[in-house]
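S.K.: Below you will find the structure I want to go over with you.
The values are calculated or read from the model by the stated rules, or taken from the named source; none is laboratory data. This one's a predicted model, so the numbers in the text were calculated from it and none came from an experiment. We place every Cβ from the backbone using ideal geometry, glycine too, and count neighbours over all the protein chains shown.
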């Protein structure tokens, strides 16, 4: 059954990579740019860890350190993980639902360019006299006022964040409308692949929360130039409400797409249908709805929010999270598990995110949060969720879908080497930070008490191992693209529609589509072929048995 | 530029229907959580929650009962004016700190991009006919 009958018109190819509206190109551009920002922000982290390796100031000034942690955090959140998650969705969702293209392709193209301009504006602050933004990724008032943080660099940060977030919002809207409006015949909502459901839930959060941050950044800029917007204690609290209304859901925006990716990987490499599909769908909706109602736990110490309410909603998150973990583990139980690189990264995600999730329960409890707030415990917690969790989920997805996007297989040996380096590096870097936090080391400072030196040194060594792991991953990409091992349509024996088409897919994705009767149509076909083999196959099997 | 057919043969008008239920379910959950917070403590935070659900309610209402378009859909192969528009808006935004001159330059680029985009879309429609 054909999805559509695309007719190509003459189109210039030179600018295709810059302004092409094909969802795959827009997604690839966004992914490549986000990788660039990841590397930039990663280098900043290495400089920070070099500074923190020993007590006393070694490499950078206090002022520069403020810029480093601000641009590292901002870069990773606004310019890397969020756009990378959306890029994965923009590439895969139309393919998974059998669509010829994404809806609103111009909007997603606009989103890419706006995001790129935002990123350049943020990093452009380094070229100004006062340096780049230096008020952390959340830029609290009154710290971010023009009195306390003067300079064009901070203005550029505010403008850049607004642009980058607006760009991400545009890409998310394109994905959302694609899912709602462009599904292939037979692709009902309860036949959407797990990854597409995860992207749908993600876009709900983006549409509901990202506009609030764009408004907050506009108001912050007005406050810096005109004043009178966020005045006094209530102004500061109002800004925090606006920021964290975005700031908490965005954590799940950087997490859910990778839950979806990991779910696909786990099902494929367990050779099983995903367990508990409907329960997962309900848990995704519940999880994302609750995630909009927990921002106040970032403000427990302000005494300006209803702590009981936000503590309750934060703890309730454990219920849908538990359902998702149960489904992932149950999918593996009884499966014929293949430990290929994507599966290793998926298992890394499952195990390491659990540490991030469980320590999240600590910060969801006001009395415990009072103790660890502002300490390295928080740094450890969110790096376990975003690095050891989300990045591993992203890499599971990248290793899994790389053959689809490029037509070439990534090298298994290099993939496994990068996995182990990253896994060892992540745990050596971030686990000591829990103890540092409990021992009273505050975050966002370039110097600390000498008694904390050993754990900090260990953490810095771990950061070096992470850098090595990233280099091995990049080498793997380069080697695999230069000496190509052709992937074919479906190198993994996967279950969803994107593996029905060629690798890489053509401009309009599909020449034809199989019948869609579940969320795993290719698995349906294989099961049907096993139950009802073609006459010649059946005869061959009987002959072999005889 | 390329044409793509509608996405299917189900539902009135040929396209796949549905998709609004999850939007409404999710928006409903959010409104419920907002109402719970409003009863508990009230104030701006609960308005944020209830207001945040509105874009999805609007999208669900717009989508409800409408089949995906079955007619031939025009897909732009590439769109330079979109990039020009985005760069213009970004330049004008940076002008908010660099000075009025850059705001004006950015606005001019954005206006140029917008007109170019409108022309591109008109030409597409003519080509389709």
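S.K.: Only one of (1) at pLDDT 95 or above; (2) within 9 Å of another protein chain (Cβ to nearest Cβ); (3) under 20 Å from the mean Cα position of the chain (by Cα) is not met by residue A:156, so which one is it?
M.R.: (3)
S.K.: Considering only residues that are under 18 Å from residue A:167 (Cβ atoms), within 14 Å of chain B (Cβ to nearest Cβ), surrounded by 24 or more Cβ atoms within 10 Å (Cβ to Cβ) and at pLDDT 95 or above, which ones fall in the stretch A:84-109?
M.R.: A:93, A:108, A:109
S.K.: Assuming residue A:63 fulfils every condition listed in (1) more than 14 Å from chain B (Cβ to nearest Cβ); (2) touching a helix residue (DSSP H, G or I) at 6+ places or on another chain (Cβ under 7 Å) apart from one, which condition is it?
M.R.: (2)
S.K.: Among the residues of the stretch A:178-203 satisfying the criterion of being part of a helix (DSSP H, G or I) and at the interface with chain B (Cβ under 8 Å from one of its Cβ atoms), which is nearest to residue A:250 (Cα to Cα)?
M.R.: Checking each candidate, the answer is A:201.
S.K.: May I pose another question? Please work out which one of (1) surrounded by fewer than 21 Cβ atoms within 10 Å (Cβ to Cβ); (2) touching a residue at least 40 places away in the same chain (Cβ under 8 Å); (3) under 22 Å from residue A:375 (Cβ atoms) is the condition residue A:426 fails and give its number.
M.R.: (1)
Yes/no matrix, rows are residues, columns are (1) touching a strand residue (DSSP E or B) at 6+ places or on another chain (Cβ under 6 Å); (2) without any contact (Cβ under 8 Å) to a residue 24 or more places away in the chain; (3) farther than 30 Å from residue A:308 by Cβ; (4) more than 9 Å from chain A (Cβ to nearest Cβ):
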{"position": "B:40", "(1), (2), (3), (4)": "no, yes, no, no"}
{"position": "B:49", "(1), (2), (3), (4)": "no, yes, no, no"}
{"position": "B:62", "(1), (2), (3), (4)": "no, yes, yes, yes"}
{"position": "B:94", "(1), (2), (3), (4)": "no, yes, yes, no"}
{"position": "B:106", "(1), (2), (3), (4)": "no, yes, yes, yes"}
{"position": "B:111", "(1), (2), (3), (4)": "no, yes, yes, yes"}
{"position": "B:123", "(1), (2), (3), (4)": "no, yes, yes, yes"}
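S.K.: Please go through the stretch A:45-58 and pick out each residue that is part of a loop (DSSP other than H, G, I, E, B) and without any contact (Cβ under 8 Å) to a residue 24 or more places away in the chain.
M.R.: Matches in the stretch A:45-58: A:58 only.
S.K.: Quick check, is residue A:220 more than 9 Å from every other protein chain (Cβ to nearest Cβ) and either crowded, with 24+ Cβ neighbours inside 10 Å or outside any helix (DSSP H, G or I) (or both)?
M.R.: Spelling it out, residue A:220 is indeed more than 9 Å from every other protein chain (Cβ to nearest Cβ) and either crowded, with 24+ Cβ neighbours inside 10 Å or outside any helix (DSSP H, G or I) (or both).
S.K.: Turning to a different aspect of this structure: Looking at A:262, A:266, A:282, which one is within 11 Å of chain B (Cβ to nearest Cβ) and in a helix (DSSP H, G or I)?
M.R.: A:282
S.K.: Report, by residue number, each residue of the stretch A:294-318 that is crowded, with 22+ Cβ neighbours inside 10 Å and at the interface with another protein chain (Cβ under 9 Å from one of its Cβ atoms).
M.R.: The answer is A:295, A:296, A:305, A:310, A:313.
S.K.: Still on this structure, I have one more. Looking only at the stretch A:202-212, decide whether some residue is over 20 Å from residue A:110 (Cα atoms), surrounded by 21 or more Cβ atoms within 10 Å (Cβ to Cβ) and over 17 Å from the mean Cα position of the chain (by Cα).
M.R.: Checked against the condition, which is being over 20 Å from residue A:110 (Cα atoms), surrounded by 21 or more Cβ atoms within 10 Å (Cβ to Cβ) and over 17 Å from the mean Cα position of the chain (by Cα), the stretch A:202-212 yields no hits at all.
S.K.: Residue check: is residue B:33 within 8 Å of chain A (Cβ to nearest Cβ) and modelled with pLDDT of 85 or more?
M.R.: Yes, satisfied.
S.K.: Further question on the same structure: Mind listing whichever residues of the stretch A:497-513 are within 22 Å of residue A:197 (Cα to Cα), away from every other protein chain (no Cβ under 14 Å) and part of a loop (DSSP other than H, G, I, E, B)?
M.R.: The answer is A:500, A:501.
S.K.: Continuing with this model, one more query. Would you confirm, using the coordinates I've provided, whether residue B:102 is facing another protein chain (nearest Cβ under 7 Å), free of Cβ contacts under 8 Å to residues at least 12 places away in the same chain, farther than 30 Å from residue A:316 by Cα and assigned to a helix (DSSP H, G or I)?
M.R.: no
S.K.: Identify all residues within the stretch A:201-227 that are over 18 Å from residue A:139 (Cβ atoms) and free of Cβ contacts under 8 Å to residues at least 40 places away in the same chain; write none if there are none.
M.R.: Result: A:207, single match.
S.K.: Do we have any residue at all in the stretch A:481-496 that's out of contact with any helix residue (DSSP H, G or I) (no Cβ under 8 Å at 6 or more places or on another chain), at pLDDT below 95 and within 14 Å of chain B (Cβ to nearest Cβ)?
M.R.: No - not one qualifying residue is present in the stretch A:481-496.
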